[in-house]
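A short worksheet on the structure shown next.
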Amino acid sequence: MNNLHYRAIIMVLIYVVLRFFGGSFGNFVLYPVTLLVTFLHEFGHALGAILTGGAVSGMQINPDGSGYTVTQGGSPGVVLMGGYLGSALLGNILFRIGARHPSFTRVTLLTLSCLMVLAGVVWFESFGSTALLLGFAALLFVVACNTDWGQDVLMFLGLAAVLYIIQDFNVGPQSDLAMYEQEVGVFPSHVWMYVWLGVAGALFYLNIREIFGRR
């Protein structure tokens, strides 16, 4: 195994220890990951609306890690699915860039920072939500421009976000799944839950295989 393998394994171990054995301290350390997952989830809804001809009028990120996005038009099925699967895809992209394309790490962190600023300002819902997004954006900006930690930070955030999303499959998207059942039908929500989990797991597997399989 090379250095990249070891770094990824260490990151997984750190996440698992903090998430499942860290208690309140672990929750505190992983708080940025929680907020990032919420942002990626809500941004996935927003992206689903925009890509299918709809519009976004508001995005709320709460301190407890919950949130919502207000959209108009677009494909309801894509918008709803975009939260869980969109965040899984975006998390995989962040990890992949950090692992395989370190020269793009700085611009990726700055792009993510800018998206948070734009979401907090253009899709304003509350001062508290905007303050969280601006604070996170400022932190990413500092990491990108004033430290050498960019690659490790991007890898950890992307990897931890994907692990969090997969682990949270039966809790986080419940409201989306209930509405998805009403809009799309075909299967009950608990079946769609496992379909979404399967897609998220397959994305992660293919990403890991592509990143490490040839090394």
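The values are calculated or read from the model by the stated rules, or taken from the named source; none is laboratory data. The shown structure was predicted, so the numbers you read here are calculated from the model rather than taken from an experiment. All Cβ positions, glycine included, derive from the backbone under ideal geometry; neighbour counts span all protein chains shown.
Summary table
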item: Qualifying residue in region 94-109 (condition: modelled with pLDDT of 95 or more, crowded, with 17+ Cβ neighbours inside 10 Å and in a strand (DSSP E or B)); result: no
item: Meets criteria (surrounded by fewer than 21 Cβ atoms within 10 Å (Cβ to Cβ), closer than 26 Å to residue 111 by Cα and over 18 Å from the mean Cα position of the chain (by Cα)) for residue 131; result: yes
item: Among the residues listed as 171, 191, 186, the single one being of a type in the set (Val, Ile, Thr) and in a helix (DSSP H, G or I); result: 191
item: Odd one out for residue 57 among (1) over 18 Å from the mean Cα position of the chain (by Cα); (2) closer than 30 Å to residue 2 by Cβ; (3) of a type outside the set (Asp, Glu); result: (2)
item: Positions within region 29-49 being within 16 Å of residue 157 (Cβ to Cβ), free of Cβ contacts under 8 Å to residues at least 40 places away in the same chain and of a type outside the set (Ser, Thr, Tyr), in sequence order; result: 29
item: Unmet criterion (only one of (1) within 18 Å of the chain's Cα centre (by Cα); (2) over 23 Å from residue 58 (Cα atoms)) for residue 145; result: (1)
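For every residue, the table says whether it meets (1) surrounded by fewer than 19 Cβ atoms within 10 Å (Cβ to Cβ); (2) more than 21 Å from residue 81 (Cα to Cα).
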| position | (1), (2) |
| --- | --- |
| 7 | yes, yes |
| 10 | yes, yes |
| 15 | no, yes |
| 19 | yes, yes |
| 23 | yes, yes |
| 29 | yes, yes |
| 35 | no, no |
| 42 | no, no |
| 51 | yes, no |
